[in-house]
Structures are given as C-alpha cells and as structure tokens.
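Reviewing the structure listed below.
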C-alpha cells in the first residue's frame, strides 16, 4: 500500500477522495474527520488511524498536524488537496 503525507496547519481542511479500505494515520497532532455517507465524526490524535469507507473524506486540524494516507498509488497522486477557502468560511461561522 502506497502512502502520501500531508502537513496541515491549525484550522486547515484537507479533502481526500478515498477508496474503501484506505487508511488515514495521524503522525503528529489532532484532527477531526468526517466521511460522506457516515453520520459519525471522528477525532484522531497522534498515533491513531482509521479505515476509510470510500468517497469524500474531510480532515480538519485542531493544531498543526501531520497525516499519512495509505491507499491505491494512482489515487494518491491526484485525489487529495487542501481546502483553504472552505476552512476560512468554517472559521468565520464557528
């Protein structure tokens, strides 16, 4: 399984277009995770991981956070990106 690593700042939001069985791992920091089609939200801390259900997954950092996304190599090349504008809007209305 290939991995792609990200470092996101406090309040920054990362979108991942995952496949079922991909895994998100927090190397350092704290992150809130929500997945399309899953009514639960998840809070992960340093050293914790979760399996992704597939589809759109959003991760927002509570503080500067390092994440690793493990999954299909081809999808890892293109299907994750920071969402700076959305994170800004969420902070304005928080």
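Data for the structure
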item: Close pairs from the stretch 40-52: first on the phi < 0 side of the Ramachandran plot and surrounded by 12 or more Cβ atoms within 10 Å (Cβ to Cβ), partner at pLDDT below 95 and outside any strand (DSSP E or B), Cβ under 8 Å, at least 6 apart; result: 51/21; 51/22; 52/19; 52/20; 52/21; 52/22
item: Tally of residues being surrounded by 15 or more Cβ atoms within 10 Å (Cβ to Cβ) and outside any strand (DSSP E or B) across the stretch 4-18; result: 2
item: The stretch 19-39, subset loosely packed, with under 13 Cβ neighbours inside 10 Å and free of Cβ contacts under 8 Å to residues at least 24 places away in the same chain, residue nearest to residue 70 (Cα to Cα); result: 36
item: Listing of strands (runs of 3 or more DSSP E) fully contained in the stretch 51-92 that carry 1 or more residues being at pLDDT 90 or above and within 12 Å of the chain's Cα centre (by Cα); result: 55-61, 65-71
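Per-residue answers, yes or no, for (1) closer than 16 Å to residue 2 by Cα; (2) in contact with a strand residue (DSSP E or B) (Cβ under 6 Å, 6 or more places away or on another chain); (3) not in a loop (DSSP other than H, G, I, E, B):
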site: 20; (1), (2), (3): yes, no, no
site: 26; (1), (2), (3): yes, yes, yes
site: 31; (1), (2), (3): no, yes, yes
site: 38; (1), (2), (3): no, no, no
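The values are calculated or read from the model by the stated rules, or taken from the named source; none is laboratory data. Here the structure is a predicted model, which means the values were calculated and not measured. Positions of Cβ are backbone-derived with ideal geometry, glycine not excepted, and every protein chain shown enters the neighbour counts.
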